[in-house]
Amino acid sequence: MPDFIYNNKVYYNPVEFAMDRIGGTWKMPILWRLRDRVMRYNELKKDIPHITHKMLTTQLRELEEEGFIHRQVYAVVPPKVEYSITQRGKRSIEIIEIIRNYGLELMKEFNIEEKKRN
């Protein structure tokens, strides 16, 4: 299979390319939360409390630049910004759900209980 080049980076297979778009620690959890509703920045931060502000901002920016989410800015004071999932982002949800379910199965196999949040 030939190599692929995108933004001056060489990819050796489509899985590597896809994981570079939605992989990592934060992108899938962000997309998962936006799958059914529009959220503001502070709602996302509250729902993912262990992400830093800098990382949330970076990941939102990358997801927006790549067309997985839409950022809507309202011209009001104080500024209001909402994030929603795009069609491209919605296509990733099926894959994220499969990975999530697999993770839950593995957690059971390793006797790891899901921690309930308040």
Checklist entry - All but one of (1) within 14 Å of the chain's Cα centre (by Cα); (2) farther than 28 Å from Ile5 by Cβ hold for Gly24; which doesn't? => result (2)
Checklist entry - If you take the residues of the range 5-20 that are surrounded by 11 or more Cβ atoms within 10 Å (Cβ to Cβ) and either in contact with a Leu (Cβ under 9 Å, 6 or more places away or on another chain) or not charged (D, E, K, R) (or both), which of them is farthest from Lys90 (Cα to Cα)? => result Tyr12
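Only one of Ile85, Ile112 is under 21 Å from Gly24 (Cα atoms) and among the β-branched types (Val, Ile, Thr). Can you tell me which? Steps first, answer last, please.
On the way: Ile112 fails: under 21 Å from Gly24 (Cα atoms).
That would be Ile85, the only listed residue that is under 21 Å from Gly24 (Cα atoms) and among the β-branched types (Val, Ile, Thr).
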Item to check | Matching residues, the range 39-68, being touching a Lys or Arg at 6+ places or on another chain (Cβ under 8 Å) and free of Cβ contacts under 8 Å to residues at least 24 places away in the same chain | outcome: Asp47, Ile48, His53, Glu64, Gly67
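Considering Ile69, Ile85, Ile93, Ile99, which residue is modelled with pLDDT of 95 or more and touching a Gly at 6+ places or on another chain (Cβ under 9 Å)?
Ile69
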Checklist entry - In the range 36-69, which residues are touching a strand residue (DSSP E or B) at 6+ places or on another chain (Cβ under 6 Å) and surrounded by fewer than 16 Cβ atoms within 10 Å (Cβ to Cβ)? => result Val38, Arg40, Glu64
Checklist entry - If you go through the range 69-113 one residue at a time, how many are assigned to a strand (DSSP E or B) and touching a residue at least 12 places away in the same chain (Cβ under 8 Å)? => result 10
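The values are calculated or read from the model by the stated rules, or taken from the named source; none is laboratory data. If you're wondering where the values come from, they're calculated on a predicted model, not measured in any experiment. Every residue, glycine as well, gets a Cβ built from its backbone with ideal geometry; the counts of neighbours run over all protein chains shown.
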